[in-house]
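Here the structure comes first, spelled out in structure tokens, and everything after it is commentary.
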Amino acid sequence: MITGGESRDEKTELAESSQEKKSGEQPGEKEKENQKEKETDGKADKTVIRVLLRTNGYAGEVHPNVSLSAAGGLTLEGTKEKRETKEGESVTIAPDDTLFQGGTIRVRPKKEGEKITISSLKRGSGIPSYRGELELYQTAQGIAVINELPLESYLYAVVPSEMPASYEEEALKAQAVCARSYAYCHMEGQAYPEYRANVDDSTAYQVYGNSKEQEKTIAAVDATRGEKLLYQGKVVKAYYFSTSCGRTTNVEAWGTKVSDANSYLKAVKVEEEGVCYEQDLPWFSWNCDIPVDTLSNLFGLNTGQDVGTISQIEITRRGEGEVALEMKVTGDKGTATIQTENKIRSALGGSGYEIKKQDGSVAASAALLPSAFFTIEKNGASFHLEGGGYGHGIGMSQNGANEMAKRGKDYKAILKMFYNGVEIAAN
């Protein structure tokens with residue numbers, strides 16, 4: 001979710017806190033969960049996942065061209081034509097390539113188990129390489145690239161992209177179980193039915209392949225092979241985020257009605273014997289002062305609502321864990337009400353001010369306020385915010401999990417603290 005998670009300051013604040021939607025959309029709006037399901041003998045294929053590989057910076061869905069290679073060479077097969085490359089040879093496929101005649105292009109490494117390098121693509125660790133196979137789709141705008149591979153192999157490249165490999169072994173195991181559960185749920189449907197893709201590789205789902213595979217994270221995946229979070233016998237989406245302020249919240253923060261089905265996501269205190277696990281971490285608490293003019297301009301840009309110069313901001317409703325659910329903004333041209341944690345954070349986000357962390361370090365403001373666990377009051381020509389945590393605050397705090405692991409908690413104890421009434425099993 002990170003996310004579906006990296007460690008934001010530690011991996012860009014844990015992939016914008018894993019399942020944090022960098023587009024500003026809330027979970028469910030981007031996911032397109034009700035799209036046509038992938039069918040295999042009448043059932044969704046739960047052994048193989050298909051991932052749309054987005055362009056540089058995750059900006060788009062289709063590439064102008066694709067340059068590929070593998071150490072042992074490649075086999076590229078279209079409906080009417082087949083080609084092979086030599087060892088280490090790079091080939092560039094353009095949208096008008098004759099291999100596209102009659103359908104898609106299937107790309108396989110000649111040697112089983114080798115990775116396919118896409119030199120025309122850049123990720124956080126440089127030029128990425130992928131396990132499994134690729135399927136290329138010709139579109140009017142370019143080429144869509146789908147990576148098809150086993151779920152466990154997919155997780156090898158998700159876990160280090162969502163949580164630093166330097167984290168504790170038990171925290172990495174907890175992350176692996178969360179990532180597997182989240183992916184498994186998405187494998188029941190297709191986010192991009194036109195390409196039969198279950199997910200993409202961005203923070204809209206889980207970050208995949210942005211960081212290179214690491215021995216520690218591969219070991220965490222292998223140690224928990226097949227294990228998923230079950231609630232009432234059903235695999236559930238294990239949302240996670242970067243850092244808590246000592247407490248989490250529930251799905252009401254996203255505007256979702258709390259029900260029996262989502263009650264595994266509850267507000268918890270991230271503490272032991274009254275001591276918060278994350279109390280010494282930089283993002284545990286933060287504050288900022290935003291000039292009235294700056295905030296008034298940002299609010300208009302972010303929400304499309306012109307209330308003029310803002311004179312008052314009031315949190316009119318809070319949810320579990322004291323997260324802000326509703327915010328009333330008053331200006332000299334009118335008032336506006338903003339609801340849900342994501343939209344509140346977006347309304348107050350943007351460039352032009354600094355955020356001071358509790359350790360004295362300073363971070364530039366971003367598209368989203370660090371979290372919706374905050375208070376706000378007018379202080380002269382500025383609005384002063386006191387807040388805590390980084391991310392949406394629902395599910396597992398990744399830094400909280402790491403701190404728990406440092407104190408001897410195993411991955412199952414970590415998961416059962418953050419997720420209410422769950423079982424961990426390979427089903």
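The values are calculated or read from the model by the stated rules, or taken from the named source; none is laboratory data. For clarity, every value in this text was computed on a predicted model and none was experimentally measured. Cβ: placed from backbone, ideal geometry, glycine included. Neighbour counts: every protein chain shown. Ligands, DNA and RNA are excluded from the accessible area calculation, which covers all protein heavy atoms including side chains. Shrake-Rupley method; radii C 1.70, N 1.55, O 1.52, S 1.80 Å.
Per-residue answers, yes or no, for (1) out of contact with any Leu (no Cβ under 9 Å at 6 or more places or on another chain); (2) at pLDDT 95 or above; (3) basic (Lys, Arg):
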| position | (1), (2), (3) |
| --- | --- |
| ARG196 | yes, yes, yes |
| VAL199 | no, yes, no |
| THR203 | yes, no, no |
| VAL207 | yes, yes, no |
| SER242 | no, yes, no |
| VAL268 | yes, yes, no |
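Hey, could you check segment 333-342 for residues that are more than 29 Å from the chain's Cα centre (by Cα) and not charged (D, E, K, R) and say which is least open to solvent (accessible area, probe 1.4 Å)?
Top of the filtered list is ALA336.
Would you call LEU155 within 21 Å of LYS234 (Cα to Cα), part of a helix (DSSP H, G or I) and touching a helix residue (DSSP H, G or I) at 6+ places or on another chain (Cβ under 9 Å)? So LEU155 passes the test. Kindly establish whether ASN147 is closer than 21 Å to THR55 by Cα, at pLDDT 95 or above and in contact with a helix residue (DSSP H, G or I) (Cβ under 6 Å, 6 or more places away or on another chain). No; evaluated as a whole, the condition is false for this residue.
Each residue in segment 260-275 was checked for being open to solvent by 30 Å² or more (accessible area, probe 1.4 Å) and outside any loop (DSSP other than H, G, I, E, B), and 4 of them qualify. Got at least one residue in segment 316-332 being basic (Lys, Arg), crowded, with 20+ Cβ neighbours inside 10 Å, at pLDDT 95 or above and within 17 Å of GLU252 (Cα to Cα)? The answer is no, given that none of the residues of segment 316-332 is basic (Lys, Arg), crowded, with 20+ Cβ neighbours inside 10 Å, at pLDDT 95 or above and within 17 Å of GLU252 (Cα to Cα).
Quick grid of which residues meet (1) among the aliphatic types (A, V, I, L, M); (2) in a loop (DSSP other than H, G, I, E, B); (3) open to solvent by 60 Å² or more (accessible area, probe 1.4 Å); (4) at pLDDT 95 or above:
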site	(1), (2), (3), (4)
ALA372	yes, yes, no, yes
GLU377	no, no, yes, yes
PHE383	no, no, no, yes
GLU386	no, no, yes, yes
HIS392	no, yes, no, yes
ASN399	no, no, no, yes
ASN402	no, no, no, yes
ILE414	yes, no, no, yes
MET417	yes, no, no, yes
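Just to be sure before I move on: is GLY300 over 21 Å from the mean Cα position of the chain (by Cα), more than 30 Å from GLU320 (Cβ to Cβ) and of a type in the set (Gly, Ala, Ser) in the structure I sent? So GLY300 passes the test.
One residue stands out among those in segment 191-206 that are touching a strand residue (DSSP E or B) at 6+ places or on another chain (Cβ under 7 Å) and open to solvent by 10 Å² or more (accessible area, probe 1.4 Å): the one that is nearest to VAL221 (Cα to Cα), which is ARG196.
Inside segment 158-183, residues that are assigned to a helix (DSSP H, G or I) and open to solvent by less than 10 Å² (accessible area, probe 1.4 Å) make up a count of 17. Against the numbered list (1) modelled with pLDDT of 95 or more; (2) in a loop (DSSP other than H, G, I, E, B); (3) among the aliphatic types (A, V, I, L, M); (4) within 21 Å of ARG180 (Cα to Cα), VAL51 comes up short only at (2).
In segment 99-111, the qualifying residues are those that are open to solvent by 30 Å² or more (accessible area, probe 1.4 Å) and modelled with pLDDT of 95 or more, and the one that is farthest from GLY142 (Cα to Cα) is LYS111. Candidates are the residues of segment 131-143 that are touching a Lys or Arg at 6+ places or on another chain (Cβ under 6 Å) and part of a strand (DSSP E or B); the one that is surrounded by the most Cβ atoms within 10 Å (Cβ to Cβ) is GLU135.
Looking at VAL235, is it touching a helix residue (DSSP H, G or I) at 6+ places or on another chain (Cβ under 7 Å), open to solvent by 50 Å² or more (accessible area, probe 1.4 Å) and either hydroxyl-bearing (Ser, Thr, Tyr) or closer than 21 Å to MET417 by Cβ (or both)? The answer is no for VAL235. A Cβ distance below 8 Å, combined with a sequence gap of six or more or placement on separate chains, defines the contacts here; from segment 67-96, residues that are on the phi > 0 side of the Ramachandran plot reach residues that are of a type in the set (S, T, N, Q) and part of a loop (DSSP other than H, G, I, E, B) in the pairs GLY73/THR85. Checking the stated criteria, GLY304 turns out not to satisfy the condition of being among the small types (Gly, Ala, Ser) and surrounded by 15 or more Cβ atoms within 10 Å (Cβ to Cβ). Every listed requirement among (1) surrounded by 17 or more Cβ atoms within 10 Å (Cβ to Cβ); (2) within 21 Å of VAL51 (Cβ to Cβ); (3) not polar (S, T, N, Q) is met by GLU114 save one, (1). Just a yes or no: is a residue in segment 77-96 aliphatic (A, V, I, L, M), surrounded by 12 or more Cβ atoms within 10 Å (Cβ to Cβ) and touching a helix residue (DSSP H, G or I) at 6+ places or on another chain (Cβ under 6 Å)? So far as segment 77-96 goes, no, none of its residues is aliphatic (A, V, I, L, M), surrounded by 12 or more Cβ atoms within 10 Å (Cβ to Cβ) and touching a helix residue (DSSP H, G or I) at 6+ places or on another chain (Cβ under 6 Å).
Is it the case that some residue within segment 206-217 is farther than 21 Å from SER397 by Cα, of a type outside the set (A, V, I, L, M, F, W, C) and in a helix (DSSP H, G or I)? Within segment 206-217, one or more residues are farther than 21 Å from SER397 by Cα, of a type outside the set (A, V, I, L, M, F, W, C) and in a helix (DSSP H, G or I).
Residues in segment 243-259 that are part of a loop (DSSP other than H, G, I, E, B), within 18 Å of MET327 (Cβ to Cβ) and open to solvent by less than 20 Å² (accessible area, probe 1.4 Å): CYS245 only. Whenever a residue of segment 298-318 is part of a strand (DSSP E or B), its partners that are open to solvent by 60 Å² or more (accessible area, probe 1.4 Å), lying with C-beta atoms within less than 7 angstrom and at least six residues away or across chains, give the pairs SER311/ASP332; GLN312/LYS378; GLU314/LYS328; THR316/LYS328.
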